[in-house]
1. Quick one: 3J(HN,Hα) in Hz for segment 232-248, Karplus 6.51/-1.76/1.60 with θ = phi - 60°, rounded, Gly and Pro as x.
2. What full-extension length gain, to one decimal in nm, is calculated for residue 386 and residue 253 as 0.36 nm per residue of separation minus the Cα-Cα distance?
3. What span do the alpha-carbon atoms of segment 319-389 cover on each of the three principal axes, reported in whole Å from largest to smallest?
4. Starting from one equal scatterer on each C-alpha and no solvent at all, send me the Debye-based log10 I(q)/I(0) for segment 215-262 at q = 0.16, 0.28, 0.29, 0.31 Å⁻¹, two decimals.
5. Below 12 angstrom from the Cβ of residue 388, what's the summed charge of the other residues (Lys, Arg +1; Asp, Glu -1)?
6. Let's see if you can work this out: charge +1 on each Lys and Arg Cβ, -1 on each Asp and Glu Cβ, no other charges. What is the dipole magnitude of segment 298-354 about its Cα centre, in debye to the nearest 20?
7. HN-Hα J couplings of segment 261-277 from phi, Karplus 6.51/-1.76/1.60, θ = phi - 60°, integer Hz, Gly and Pro as x?
8. I need the phi-derived Karplus couplings for segment 213-227: 6.51 cos²θ - 1.76 cosθ + 1.60, θ = phi - 60°, integer Hz, Gly and Pro marked x.
Amino acid sequence: MSKIVKVECLPVSTPLKKPVIMPNTRITSIDSVVLKLTTDDGTVGISDSGDTSSWYRGELQESIIAMIANVIAPRILLGEDPRNIEKIVAKMDLLVRDNNQAKATVDFALHDLKGKLLGVPVYELLGGRTLEAARQGWVLSAGKPDDVAAEAALAKKTGFALFKMKIGYGTMADDIAMVHAVRDTVGPDAYLTIDANGFWNYEKALHIIRKLDPCGLDLIEQPLPHWDIEGMARLRGQVKTPIYADESAQELHHLKEIVDRRAADGLFLKLQKAGGLVKSQRWLTMARLAGLPVHCGCMIGSGLEHSPSAHLWTSNEWATQGLNESIGPLMIHGTMESRNIEPGTDIALNIPRFEGGLCYPNEGVGFGVELNEAFLASHATPEKLARTVAL
Ligand SMILES: [Mg+2]
């Protein structure tokens with residue numbers, strides 16, 4: 001038996017090479033929390049929360065650090081055997097309402113730690129390998145139609161299998177013009193989607209999706225606010241384009257409501273939204289039962305943040321059938337392949353390999369990721385406090 005004796009939360013800010021533009025939001029830096037769990041024999045499990053945002057998860061660096069350092073560490077983690085992940089996840093759900101990004105950050109570090117203690121990669125803990133590499137989609141920041149279309153052409157040439165547009169650069173007409181320009185560029189057979197991130201109301205969604213139906217989009221992600229599952233069901237009956245749920249689909253009871261109301265044609269999973277790897281596996285089982293395809297998105301994050309989804313997407317057979325757009329390291333470093341990333345500029349010293357639109361999880365124990373301690377020191381978020389809690 002080993003036990004957790006130290007929990008460290010470090011606020012880190014990683015600059016983006018190119019800002020990401022979404023409705024009401026312009027992201028220039030990824031503010032995340034790196035977590036280290038140390039056992040009594042000196043083994044360290046690590047994780048990175050990925051991008052924090054008030055509007056997507058409603059969690060900030062400060063709230064994640066406070067929730068872990070004030071509640072989860074003293075009341076659940078310290079003194080516990082880190083291999084008991086199911087037990088720890090159950091306790092987190094009992095003691096902490098929501099805060100799934102904080103819970104996921106803990107769940108990720110536990111998996112890394114357990115893999116290291118047992119001497120296996122995390123994908124072995126999740127069922128073993130179903131695939132060598134996860135197929136990736138490319139996420140296009142909203143922008144001028146010609147600029148977005150040019151980026152989509154490059155992504156297609158690189159080998160990406162899905163092209164997802166964000167909206168909100170200008171007017172609704174600008175968004176529609178952007179979709180037409182990208183469809184013309186990538187061709188009629190390319191898998192093309194848009195993500196509205198819940199920023200439309202029913203009337204606006206109906207109007208714009210009817211205008212977009214002729215573009216043959218493969219899906220529209222979260223057209224309505226997360227709480228409007230009934231509206232998503234009505235909308236589905238009025239448009240041709242398949243409707244997928246992202247923000248609406250968080251906990252299992254949300255999935256049940258979506259399934260019961262037939263409110264979506266498919267689902268988007270983000271591990272931080274679902275609350276970690278244990279809860280994501282339950283989520284995938286429920287999606288499989290309902291016959292709903294699942295694509296995996298990302299929070300935008302480092303090579304360390306990306307690793308849990310890379311391991312899950314190459315070890316869960318239902319997930320394997322979907323497309324993964326967990327390309328945080330590429331978005332941060334402004335490139336489509338990891339070989340172009342300057343060494344030493346990421347939270348991970350060894351970023352997983354992204355090549356030809358595929359991502360290969362690192363080999364080695366746990367996530368197989370080495371922390372870049374020099375980067376953590378030089379990119380500590382100004383004026384935010386790191387916390388350490390120990391037995
Ligand atoms: Mg989304």
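Quick note: the coordinates plus some simple rules give every number you see, no bench work behind them. Here the structure is a predicted model, which is why all the values come from computation and not from measurement. All Cβ positions, even for glycine, are placed from backbone atoms using ideal geometry, and neighbour counts span all protein chains on display.
1. 5, 5, 5, 4, 3, x, 10, 10, 8, 5, x, 10, 10, 9, 10, 4, 5
2. Gain in length upon complete extension: 44.4 nm.
3. Cα extents, longest axis first: 41, 27, 21 Å.
4. -0.39, -1.09, -1.15, -1.27
5. Net charge in that neighbourhood comes out at +2.
6. The calculated dipole for segment 298-354 is roughly 80 debye.
7. With the stated coefficients, segment 261-277 comes to 8, 6, 8, 8, 8, x, 9, 10, 10, 10, 4, 6, 6, 6, x, x, 6 Hz.
8. Those phi angles translate into 3, x, 6, x, 4, 6, 5, 10, 9, 6, x, 10, x, 4, 7 Hz.
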